[in-house]
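Beneath this line is the structure, given in structure tokens, with notes to follow.
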């Protein structure tokens, strides 16, 4: 493995003014309080209700008072480390540098031998991990294709193929649901050595996509709660489309995205205060 080379910018570009950020924050809190976000998970609903949120069990919509949001978000760590399996793979996340990752998760690949398009398989995940291991610009390996030859347990085989072919940090966005997440946590513990070392230097992290507009995926959010409890860093990515699943304005779309992500981050802090999360 070549030394990882992040980008450490010498200047800072602020796309939004302090006033604009405050407007988005205010609108996000207003949306969470009066409109709410759909959480189709009984466990999530129970946790929110226990902490003072308004929960509609029929529609699965959860409305969060601003004090609950601010209090929960204040417990989220502002920096932490992602680790790999070898010296030189620690990535300290504090906002001062940019680390690059591969992107996934495709379902087809072009066969290197035949040049033909075909469904991707576990060996493709492994091959792309080995290539990424040699690229100094890549700090995190996110499986670029899926292990379609393993059906419903493909996400776990993707972690297996990744961890056995790169020493760098591995991130997944395909592990969904409570049971698969528990298996993924156990795999991360084996890679790290034990549960405590995994918490201190997690070799694995997860990403969950929210559902626009203003919704969460049941399996995604229930897997995320397992990760939060275990100390596996968990992040959320919104995908609002202006004019369809979000307002047609940039500001409106940002508020919808922010409400989806923040509501999930609040839940992670209710599950495990101090859980490493990313927006």
If I filter the range 74-87 for residues that are at pLDDT below 95, farther than 24 Å from residue 176 by Cα and exposed (fewer than 14 other Cβ atoms within 10 Å of the Cβ), do I get at least one hit?
yes
As an exercise: evaluate residue 248 against (1) in a loop (DSSP other than H, G, I, E, B); (2) touching a residue at least 24 places away in the same chain (Cβ under 8 Å); (3) touching a strand residue (DSSP E or B) at 6+ places or on another chain (Cβ under 7 Å) and give the number of the one condition it does not meet.
(2)
Here the residues within the range 107-148 that are exposed (fewer than 15 other Cβ atoms within 10 Å of the Cβ) and in contact with a strand residue (DSSP E or B) (Cβ under 8 Å, 6 or more places away or on another chain) are 107, 108, 110, 111, 116, 117, 118, 119, 137
Scan (1) assigned to a helix (DSSP H, G or I); (2) without any contact (Cβ under 8 Å) to a residue 40 or more places away in the chain; (3) surrounded by 12 or more Cβ atoms within 10 Å (Cβ to Cβ) for the single condition residue 16 breaks and write down its number.
(1)
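In the range 185-220, what count of residues is obtained for those that are assigned to a helix (DSSP H, G or I) and over 14 Å from residue 235 (Cβ atoms)?
Looking only at the range 185-220, we keep the residues that are assigned to a helix (DSSP H, G or I), and these are 185-192, 195-200, 218-220.
Of the ones still in play, those that are also over 14 Å from residue 235 (Cβ atoms) are 185-192, 195-200, 218-219.
Number satisfying all stated conditions: 16.
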Given (1) over 18 Å from residue 35 (Cα atoms); (2) buried (at least 23 other Cβ atoms within 10 Å of the Cβ), identify the lone condition not met by residue 207.
(2)
Candidate set: the range 45-69, residues that are in a strand (DSSP E or B) and touching a residue at least 24 places away in the same chain (Cβ under 8 Å); chosen: the one surrounded by the most Cβ atoms within 10 Å (Cβ to Cβ)
62
Would you check which residues across the range 70-129 are within 17 Å of residue 232 (Cα to Cα), part of a strand (DSSP E or B) and in contact (Cβ under 8 Å) with a residue 60 or more places away in the chain and list them?
80, 81, 82, 91, 93
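The values are calculated or read from the model by the stated rules, or taken from the named source; none is laboratory data. On a predicted model such as this, the values are computed, not experimentally measured, just so you know. Virtual Cβ from ideal backbone geometry, glycine too; neighbours counted across all protein chains shown.
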